[in-house]
Amino acid sequence: MIIRTAFATSDGVSVDRHFGAAERFDIYEINTEEDDYKRVEIRQVERACLDHKHHDERMDAVTETIDDCHAVFAECSGNGARTVLERKQVQAIDVDRPVIMVLDNILHGKVKLIDSRYTEVEKPRKNLNFQHLQKKHPCMSGGANMTAGRIHLPVSPSCNIQCKFCTRRFDKSLIRPGVSSLVLKPQEAVETIKRAKELCPELSVVGIAGPGDTLATDSALETFALVKKEYPELISCLSTNGFCLPKKVDRIAEIGIETITVTVNAIDPEIEAQINEFVIDENGVKHEGIEGAELLIKNQLEGIKRAVELGIVVKINSVMVPGINSSHIEEVAKKVSELGASILNIIPLIPQNGMADIPAPTCHELEEVRQRAGRYIEVFRHCQHCRADALGIPGSGKDLHTELYKGRTEEVAETFSHG
């Protein structure tokens, strides 16, 4: 049984805050079958009480932040807080102890945590496949980002949408999503992995993230099918804008691709239309403005839901565009979490093309959005803006693509997909 708990703490060490005065909750998952626990997230909040007075809107916001937990531990929880928490089926427990002591007491039966009212409550849980992948996938956790290797195979030549931040120009050395110095055919990509394993023995993930969209053609899926036969021990990771996902997700699962990344910049068509100019459907028809945005969002959400149902781990990328979707990404996080996505990567805009005049978000602005989104879904904070032909351990800061493709680069158009 997995029990999720929240701790009102100022330092992550002790339960030392009243519920209404807490500005931070550390979230732990306790596995009673494996006699183990781990902290999975730190969630920042604005305190529910000011000047010792209860504020309904703030209280609702704080309780919503932890309503996926079975219980919350605080120095003291007032009657108002307990009433709201009980409605959300979260048990309030008052303690004044180190967090670790409370966790040990729960595991050893010294604390009665979940009574009969709460044991039957179903709370959303992390995808168990995601927990496994976090140990090996450098784009799923900070730890793996420093130890696990990945290769991006540049086999997808074209894209089916036009983002306003996308520019098409050739650059062999630029470190940026969507950039590649060549496009490989599926069989060439498989042969490339052998050389990649020699250059990077830590290789654990084979990804395809461009230079165009992975589902705009069949090249990526053909490549993954070959890779699975030759290198079944490697994790397969596909990155897409999601427009073709509903029609191809069953094939993705059939091949055995473990994880997909879907770039979702908005779930409001009016906001999406400010970021994306048009989409092109399978019949070659261009859909612009609000119409195109509605089609893209519909397909993205439908595809994400279906992928989760098929047991595929779903990661979401959202490009943060100041003044357009900065305050909206929180809604994106909430929606994709409800659909079953496991983690969100918020990527700061790189000003260029139609958005060259929009300044990139500051670190402070980016962190504020990450904290708000983190109320609903785990947020990845170690993105390296990898190329579509990247190779190596992302957190090492060294990309081996030049060595891998030495002597065989071609000039191709850059398709900036933020993949």
> Can S180 be described as of a type outside the set (V, I, T), in a loop (DSSP other than H, G, I, E, B) and at pLDDT 80 or above?
Replying inline: no
> Just a yes or no: is a residue in the stretch 15-24 closer than 27 Å to E331 by Cα, of a type in the set (D, E) and not in a loop (DSSP other than H, G, I, E, B)?
Replying inline: no
> What are the residues in the stretch 196-238 that are under 23 Å from N160 (Cβ atoms), assigned to a loop (DSSP other than H, G, I, E, B) and aliphatic (A, V, I, L, M), if any?
Replying inline: A209, L215, A216
>> Regarding the stretch 354-374, can at least one residue be identified that is in contact (Cβ under 8 Å) with a residue 24 or more places away in the chain and under 30 Å from P201 (Cβ atoms)?
In response: no
>> Quick check on my filter: what residues within the stretch 46-87 are in a loop (DSSP other than H, G, I, E, B) and either in contact (Cβ under 8 Å) with a residue 60 or more places away in the chain or loosely packed, with under 15 Cβ neighbours inside 10 Å (or both)?
In response: E46, D51, H52, I66, D68, C69, H70, E75, G78
>> For V369, only one of the following conditions fails: (1) more than 13 Å from the chain's Cα centre (by Cα); (2) part of a helix (DSSP H, G or I); (3) closer than 22 Å to I257 by Cα. What is its number?
In response: (3)
> Within the stretch 202-229, which residues are touching an Asp or Glu at 6+ places or on another chain (Cβ under 9 Å) and more than 16 Å from I260 (Cβ to Cβ)?
Replying inline: S204, P211
> Which one of the conditions (1) within 15 Å of the chain's Cα centre (by Cα); (2) among the polar types (S, T, N, Q); (3) more than 23 Å from P138 (Cα to Cα) does N299 fail to meet, given that it meets all the rest?
Replying inline: (1)
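The values are calculated or read from the model by the stated rules, or taken from the named source; none is laboratory data. The structure presented is a predicted model; accordingly, all values stated were derived computationally and were not measured. Backbone-built Cβ (ideal geometry, glycine too); neighbour counts: all protein chains shown.
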